[in-house]
There are 4 protein chains.
Amino acid sequence: MTRLRFGLIGTGFIGRMHAIALHAVGAVFDDIEAPLCSWLADADADLARKAAAALRFEHATGDWRELVARPDVDVVDICTPNYLHYDMALAVLAAGKHVYCEKPLALTPEQADELATAAARAGVCHAIGFNFVRNPILRHARAMIEAGELGQVHGFAGRNLEDYMGDAAVPHSWRCERRLAGSGALADLGSHLINLAHFLIGDIARVQASLKTVHATRLPRGGSQSLPVENEDIALVLVEFASGATGSFNISRVATGYKSGLGFTITGTRGTLEFDQERMNELRFYTADDRSGRRGFRTILTGPEHPDYARFCPAPGHGLGINDLKILEIHELIRAIESRQPIWPDFAEGARVQKLMAAIEHSHATRAWVETPR
Amino acid sequence: MTRLRFGLIGTGFIGRMHAIALHAVGAVFDDIEAPLCSWLADADADLARKAAAALRFEHATGDWRELVARPDVDVVDICTPNYLHYDMALAVLAAGKHVYCEKPLALTPEQADELATAAARAGVCHAIGFNFVRNPILRHARAMIEAGELGQVHGFAGRNLEDYMGDAAVPHSWRCERRLAGSGALADLGSHLINLAHFLIGDIARVQASLKTVHATRLPRGGSQSLPVENEDIALVLVEFASGATGSFNISRVATGYKSGLGFTITGTRGTLEFDQERMNELRFYTADDRSGRRGFRTILTGPEHPDYARFCPAPGHGLGINDLKILEIHELIRAIESRQPIWPDFAEGARVQKLMAAIEHSHATRAWVETPR
Amino acid sequence: MTRLRFGLIGTGFIGRMHAIALHAVGAVFDDIEAPLCSWLADADADLARKAAAALRFEHATGDWRELVARPDVDVVDICTPNYLHYDMALAVLAAGKHVYCEKPLALTPEQADELATAAARAGVCHAIGFNFVRNPILRHARAMIEAGELGQVHGFAGRNLEDYMGDAAVPHSWRCERRLAGSGALADLGSHLINLAHFLIGDIARVQASLKTVHATRLPRGGSQSLPVENEDIALVLVEFASGATGSFNISRVATGYKSGLGFTITGTRGTLEFDQERMNELRFYTADDRSGRRGFRTILTGPEHPDYARFCPAPGHGLGINDLKILEIHELIRAIESRQPIWPDFAEGARVQKLMAAIEHSHATRAWVETPR
Amino acid sequence: MTRLRFGLIGTGFIGRMHAIALHAVGAVFDDIEAPLCSWLADADADLARKAAAALRFEHATGDWRELVARPDVDVVDICTPNYLHYDMALAVLAAGKHVYCEKPLALTPEQADELATAAARAGVCHAIGFNFVRNPILRHARAMIEAGELGQVHGFAGRNLEDYMGDAAVPHSWRCERRLAGSGALADLGSHLINLAHFLIGDIARVQASLKTVHATRLPRGGSQSLPVENEDIALVLVEFASGATGSFNISRVATGYKSGLGFTITGTRGTLEFDQERMNELRFYTADDRSGRRGFRTILTGPEHPDYARFCPAPGHGLGINDLKILEIHELIRAIESRQPIWPDFAEGARVQKLMAAIEHSHATRAWVETPR
């Protein structure tokens, strides 16, 4: 095997996390070749040069199309704002390269579908950055559900709450514009929650939603003229799963006090699981099978009994961090490419999530239940 | 002032709690006359006699109508299964006596409305046993909201989760029958949550719901023939408040692991409040006004700064219990009667809650948003 | 059986809690006769009259000796400041009456021993108000330990932390004077912790302590001349139990932020138990016997499986309060008197605690390990 | 600046963590040159070769002395069992190279002193791997203490609890032998706690300790003959700081249920801080300066306001992991070398910790308070 050469587009928040993980993954895992941080692209050549120096990439360019075209790039990693995903991913697929795109896959279900179709045709590896499902404790949770430890699962109460736009004084940005961001809290936070629900419970049959924009306008940074916020701050959703389970999604980017409030309560006839990303190394588990007088929610700390934890640390309860989830994601990606196996979540899942987001918006607009397209 | 003579009908779970509180309230509060535990009625004379001995009532009867008619009964306290509330409360009102009825007020909104109208006409005190809102920490929460400490309130995520019918082996009972219980989780647990939402946020404008019965049939105790469960185990509701706030209710009697899971997250533009009845002496509060680097949810322990706590104990954080909420409720009741002031929650609130429950059921049946009657 | 007539001396914080419990206990328990609140004594006749009205006692007196002498008083309940316990308890025993005394039993081990000896001779019931051990969840904890669910117990880390004297501005009071209070945090908070350690682990063989007074002087209320604080704010103790287990006590009345921080971690070779009085309805339990990947501390909520909880409420997790512990204590007392059985904790235990407190002070003074007198 | 070439000795638990961090640190921080993973040494050449492949080091050797002697090694990183630290660190210092040694520095205070002296003379950078103090939230805690936010600090209750030797069936290993490990829980877990106490509170004046070995013998892996455990499982310590604050250490490797239970409660006259390594992204803070009725422990989540967090992720509350602490430690090390500034904790601190560990053992042996040598 030769080392895969990565090209990274975008060096903001999420781009830096990718870069860190690319450097570390080879030391964490020895069943893959360590990737090479080859090319980095940013909005202009100067920015790209600086970022490449900071993030230890070999080459820099101000033109992402050059990066895609480079023969010494095997995998293109897209970490740009939402509205750029579609064009970039299409270009990577057209170039016949492996593509690794941050969420959400696109701005519309049509775009997402087109990407998924193109990806399937291209015969390359196509991954989407739903990193939260890489958490060892959540993979353990899924295994527990599949093993029947909750009995029949009947409820999923999910939430993804942050407060980065809670303050009215947060300036207007691309996140507030429909043509740049698509939807609001839904695209940024809801997409993760939907993917997590798919991962743990399965297909969603129909939704009913209530969306809300708390701050209707915002001032641009340094400006004095308010601009409209074109997408929702809050999305509340009733959910009916194909399995018959029912649930709710509570999604907000104005949930004052929450910083990374992705979480859920999954109830079944014999047990319940709870998770909160702000305590990402803990899984709360209640089982009715415990002895009388000794039943209660127990807090399971992530440890070497849970998938891949031991690669980071053999001692239990010592704690993984958010960047470790990216390491796990990139490990899966490289393993998939090296073994020519499919990866999940892929672009098809990206499109499935996008369609559900559209169904939620449609439900709100029509005030009716909307069936999910199959 | 003379001491009020109480007649108690029903001596199950909730009846016992009322009896304990009636005996204690006079020592906790000195601004009222201590009530007298005069008459107790139960299903038959023998049961009533035993219960009267156990609960320290002076007299017993197997006929609740006799109790209502007794000249030495001033207040009738109704702690019977749901289907009996309507007849009993009507009879008490007809007798011109004060009435104190457990929730839900009735089985249907029509019954509840009739009771509320009769109560208003009777010129007596009419109280309904929504005891959770008596919690000093929740009265404090309401005061904080009213003082603007959360900024503009935009979200209410409420839940009332228990698991007393989570196990398929729990026998069929009156709770499963529509003509005896009315709705299921909604009447038993949802009614409290709705009242709490009214208390903290205000009028609900419309709802959209998804109900579900997890265990469609149950065996009666000792029987071998399954009987149908006629009402819902789970009610999930989207809520739009008259104020413009939006939210959700998650109500379940099959939520494995939850024992008294009444709780909420209330988000506003400047702060957030969280509560969980299983930790009923704690209020979690986040304020964006704290200094940078020092912000976080703080856990406020109930103490003498919160209404009426000091009557129980002058030292903070020593903890009230569920029965103390009944003492607080009965104190309010006696004070209202003695001062001829209205009490809240009263039968009008009981009817308002009942109508919302009906709207939730109607929404589920029609799969549409249902406006709340004003 | 006839109803026991109680005489209560002292109507501060703790006296009110006793009064409330005396009124309620008969409705909670039906295996005893409900007590009568007969006589109440306070510092002067006027105060006593007012308190008797407020706390619903039949008679009042400004002279506690009169109360002790009254033929219509069967049990004397002593809720006065520490320095009065000795004289009063001796007088009650001399009168051949049952005695129920708040902690600490006395100011010195000599006094306490004399009281224990007198009590044993008097042939009456003698109880001391260590109410925390009445908690159903702690009685359950003890049963779990005895059943070997922790394996061999090797550690007890206990604490009793409050902050009522944390602020330098808290005025000087009787609590700061050695001849009125005896020791400081040790007498007020440590006594409970020692009793709890006895209850759960057993005899303490030796101690090593470090005491500290954080605020060396305090202003009396309304005064301008600082007075010395004659006893400790903090007591830290190493403990070696007769069983071979070792542990530590952390006792403080200046532990900023703690309101009722009585708690412990008990570790054994197979399991661990944790408790925190501020969450008095929860017991945390870890057992190494859980399956791999599913181990973790579980939070057991008090419920009907735990001793006596169901007398208050049949539904689990609904929560007892601090005053319910006094109801449980008084129930034990009345049952002991009615059945002529001994009660625990009694005056012998009160003296044992007092001797340990003295050993702790002696250890601090001599900077040496001090063996506990047997 | 040129890139520093690291030589790593030892590839167990902690060695792997160092390797991961060495690869990642350059992408996290751009104010240093990224280090080179040059040489790796392990017990034999074959093991070393495999480890070098897995951990992405350029060269391997079975002879650590060769690694130390290599001209293409600038910094030697010692991650071997305790008994090897002394010889190796001395050799590195003799070779005039920078040295980075895992804790504890040595087996005895004499060895540690010798190393500290040699390090001071060598004029190189000498660091010891007390990584926990690198946590942004703990550096923030220290800044809060220094800024007086707790008022006068009077108490430090610290603990470091794990259960990796809790089970009697855990086999005998080098950790149980005095000549290989030195002390037991004290060296492995206590050393971190002592360093943390130094970091947050300062010098310790004297100690009083009680040590205990719960499992006196253990079977070697695969053996049938029990071997003695020569050092303590549990160390309980009373501590008096030079500042006048008092406290306690609770240290155990048999604390069933604890996986990474390094934690503390620091109390002051105006506020309190609490920390638990199992929730390493949280700091609990109580301040008496909050408004009445709103006081409570608040949970501060690590975020970009805390030192260096933003290098990993700009969004607050997203969570660092244990390996990120090593990245922070190595960043400090490289920055110190590049800037020729001292680092803390250094070998002098390593020796200071070792002397306190010896004082604790001496106190236990003599049953007396032991003054810390200055």
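The values are calculated or read from the model by the stated rules, or taken from the named source; none is laboratory data. These numbers were taken from a predicted model, which means no experiment stands behind them. Backbone-built Cβ (ideal geometry, glycine too); neighbour counts: all protein chains shown. Quick note on the areas: whole protein, heavy atoms, side chains included, nothing else; ligands and nucleic acids left out. Shrake-Rupley method; radii C 1.70, N 1.55, O 1.52, S 1.80 Å.
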**Request:** Write out, first by first residue and then by second, each pair whose Cβ atoms fall under 6 Å of each other, whose residues are 6+ apart or on separate chains, and whose first residue, in region D:302-315, is within 16 Å of A:His18 (Cβ to Cβ) and open to solvent by 10 Å² or more (accessible area, probe 1.4 Å) while the second is of a type outside the set (A, V, I, L, M, F, W, C) and assigned to a loop (DSSP other than H, G, I, E, B).
**Result:** D:Pro314/D:Pro304
**Asked** Restricting attention to region B:323-342, which residues are aliphatic (A, V, I, L, M) and buried (at least 20 other Cβ atoms within 10 Å of the Cβ)?
**Response** B:Leu325, B:Ile327, B:Leu328, B:Ile330, B:Leu333, B:Ile334, B:Ile337
**Fill in**
For A:Thr213, the lone unmet condition from (1) crowded, with 23+ Cβ neighbours inside 10 Å; (2) out of contact with any Lys or Arg (no Cβ under 9 Å at 6 or more places or on another chain); (3) over 17 Å from A:Ser260 (Cβ atoms) is (1)
**Asked** D:Gly222 fails exactly one of the following numbered conditions: (1) at pLDDT 95 or above; (2) open to solvent by 10 Å² or more (accessible area, probe 1.4 Å). What is the number of that condition?
**Response** (1)
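In this structure, is B:Thr299 open to solvent by 10 Å² or more (accessible area, probe 1.4 Å), polar (S, T, N, Q) and in the same structural domain as B:Gly202 (by TED's automatic domain parsing)?
Details: open to solvent by 10 Å² or more (accessible area, probe 1.4 Å): yes; polar (S, T, N, Q): yes; in the same structural domain as B:Gly202 (by TED's automatic domain parsing): yes.
It is true that B:Thr299 is open to solvent by 10 Å² or more (accessible area, probe 1.4 Å), polar (S, T, N, Q) and in the same structural domain as B:Gly202 (by TED's automatic domain parsing).
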**Request:** Evaluate the following for C:Thr2: is it without any contact (Cβ under 8 Å) to a residue 40 or more places away in the chain, open to solvent by 50 Å² or more (accessible area, probe 1.4 Å) and among the β-branched types (Val, Ile, Thr)?
**Result:** yes
**Request:** Of the numbered conditions (1) touching a Leu at 6+ places or on another chain (Cβ under 8 Å); (2) more than 14 Å from chain C (Cβ to nearest Cβ); (3) under 30 Å from C:Ala168 (Cα atoms); (4) open to solvent by 40 Å² or more (accessible area, probe 1.4 Å), D:Arg139 fails exactly one; give the number of that condition.
**Result:** (1)
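Go through region A:184-207 and give me each residue that's small (Gly, Ala, Ser) and under 15 Å from the mean Cα position of the chain (by Cα). First the steps, then the outcome.
We begin by selecting, within region A:184-207, every residue small (Gly, Ala, Ser); these are A:184-185, A:187, A:190-191, A:197, A:202, A:205.
Listed by number, the residues that qualify are A:Gly184, A:Ala185, A:Ala187, A:Gly190, A:Ser191, A:Ala197.
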**Message:** Can you tell me which of (1) more than 7 Å from every other protein chain (Cβ to nearest Cβ); (2) open to solvent by less than 10 Å² (accessible area, probe 1.4 Å) is the one A:Ser260 doesn't meet?
**Reply:** (1)
**Prompt:** Any residue in region D:31-47 that is open to solvent by less than 20 Å² (accessible area, probe 1.4 Å), touching an Asp or Glu at 6+ places or on another chain (Cβ under 9 Å) and assigned to a helix (DSSP H, G or I)?
**Reply:** no
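Take residues that are aromatic (Phe, Trp, Tyr) and tell me which of the strands (runs of 3 or more DSSP E) falling wholly in region D:75-142 contain 1 or more.
On the way: elements: D:75-78, D:98-101, D:126-128.
Counting at least 1 such residues, we get D:98-101.
Of D:Arg298, D:Arg340, D:Arg311, which residue is of a type in the set (Lys, Arg), closer than 16 Å to A:Gly321 by Cα and modelled with pLDDT of 95 or more?
Working: D:Arg298 fails: closer than 16 Å to A:Gly321 by Cα; D:Arg340 fails: closer than 16 Å to A:Gly321 by Cα.
Result of the check over D:Arg298, D:Arg340, D:Arg311: D:Arg311.
With respect to A:Glu338, is the statement that it is among the charged types (D, E, K, R), within 21 Å of the chain's Cα centre (by Cα) and outside the structural domain of A:Gln111 (by TED's automatic domain parsing) true? Can you show your working first?
Values: among the charged types (D, E, K, R): yes; within 21 Å of the chain's Cα centre (by Cα): no; outside the structural domain of A:Gln111 (by TED's automatic domain parsing): yes.
Answer is no for this residue.
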**Prompt:** Among (1) facing chain A (nearest Cβ under 10 Å); (2) outside any loop (DSSP other than H, G, I, E, B); (3) among the aliphatic types (A, V, I, L, M), which single condition is D:Ala315 missing?
**Reply:** (2)
**Identity of the residue in region B:238-257, under 24 Å from B:Met165 (Cβ atoms) and open to solvent by 10 Å² or more (accessible area, probe 1.4 Å), that ends up farthest from the chain's Cα centre (by Cα)** = B:Ser248
**Request:** May I ask you to list the residues in region B:160-179 that are buried (at least 24 other Cβ atoms within 10 Å of the Cβ) and not in a loop (DSSP other than H, G, I, E, B)?
**Result:** B:Asn160, B:Leu161
**Request:** Kindly indicate whether any position in region B:182-199 is in contact (Cβ under 8 Å) with a residue 12 or more places away in the chain, outside any helix (DSSP H, G or I) and surrounded by fewer than 17 Cβ atoms within 10 Å (Cβ to Cβ).
**Result:** no
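Sort through B:Arg284, B:Arg335, B:Arg298, B:Arg294 and tell me the only one that's part of a loop (DSSP other than H, G, I, E, B) and not aromatic (Phe, Trp, Tyr). So that I can check it myself, show each step before the final result.
Numbers: B:Arg284 fails: part of a loop (DSSP other than H, G, I, E, B); B:Arg335 fails: part of a loop (DSSP other than H, G, I, E, B); B:Arg298 fails: part of a loop (DSSP other than H, G, I, E, B).
Sole residue among the options that is part of a loop (DSSP other than H, G, I, E, B) and not aromatic (Phe, Trp, Tyr): B:Arg294.
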**Message:** Every residue in region D:147-159 that is surrounded by 24 or more Cβ atoms within 10 Å (Cβ to Cβ) and part of a loop (DSSP other than H, G, I, E, B), please.
**Reply:** D:Leu150
**Asked** What is the number of the single condition among (1) open to solvent by 20 Å² or more (accessible area, probe 1.4 Å); (2) within 24 Å of C:Leu189 (Cα to Cα); (3) touching a Ser or Thr at 6+ places or on another chain (Cβ under 8 Å); (4) of a type in the set (A, V, I, L, M) that C:Ala235 does not meet?
**Response** (1)
**Fill in**
For region A:29-54 the number of residues that are more than 17 Å from D:Ala34 (Cβ to Cβ) and within 8 Å of chain D (Cβ to nearest Cβ) is 1
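Given C:Val254, C:Val214, which one is within 19 Å of C:Gln277 (Cα to Cα), assigned to a loop (DSSP other than H, G, I, E, B), at the interface with chain D (Cβ under 10 Å from one of its Cβ atoms) and of a type in the set (A, V, I, L, M)? First the steps, then the outcome.
Values: C:Val214 fails: within 19 Å of C:Gln277 (Cα to Cα).
Unique residue meeting the criteria: C:Val254.
Checking the structure you have, find out if any residue of region D:329-339 is among the hydrophobic types (A, V, I, L, M, F, W, C) and touching a Lys or Arg at 6+ places or on another chain (Cβ under 8 Å).
Initial filter on region D:329-339 (among the hydrophobic types (A, V, I, L, M, F, W, C)): D:330, D:333-334, D:336-337.
This time we only want the ones that are touching a Lys or Arg at 6+ places or on another chain (Cβ under 8 Å), so: none.
No, that holds for no residue.
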**Request:** Taking only region D:265-274 into account, find how many residues are out of contact with any His (no Cβ under 9 Å at 6 or more places or on another chain), of a type outside the set (Lys, Arg) and open to solvent by 10 Å² or more (accessible area, probe 1.4 Å).
**Result:** 2
**Message:** Between C:Arg279, C:Arg291, which is basic (Lys, Arg) and under 18 Å from C:Phe132 (Cβ atoms)?
**Reply:** C:Arg279
**Message:** Taking the conditions exactly as written (more than 14 Å from chain B (Cβ to nearest Cβ) and either touching a Cys at 6+ places or on another chain (Cβ under 9 Å) or farther than 27 Å from C:Gly184 by Cβ (or both)), does C:Thr272 satisfy them or not?
**Reply:** yes
**Request:** Search region A:5-15 for residues being surrounded by fewer than 24 Cβ atoms within 10 Å (Cβ to Cβ) and under 28 Å from D:Ala53 (Cα atoms), and hand back the single one that is nearest to the other protein chains (Cβ to nearest Cβ).
**Result:** A:Gly15
**Request:** Could you check, for region B:277-284, whether at least one of its residues is outside the structural domain of B:Arg142 (by TED's automatic domain parsing), among the charged types (D, E, K, R), modelled with pLDDT of 95 or more and open to solvent by 10 Å² or more (accessible area, probe 1.4 Å)?
**Result:** no
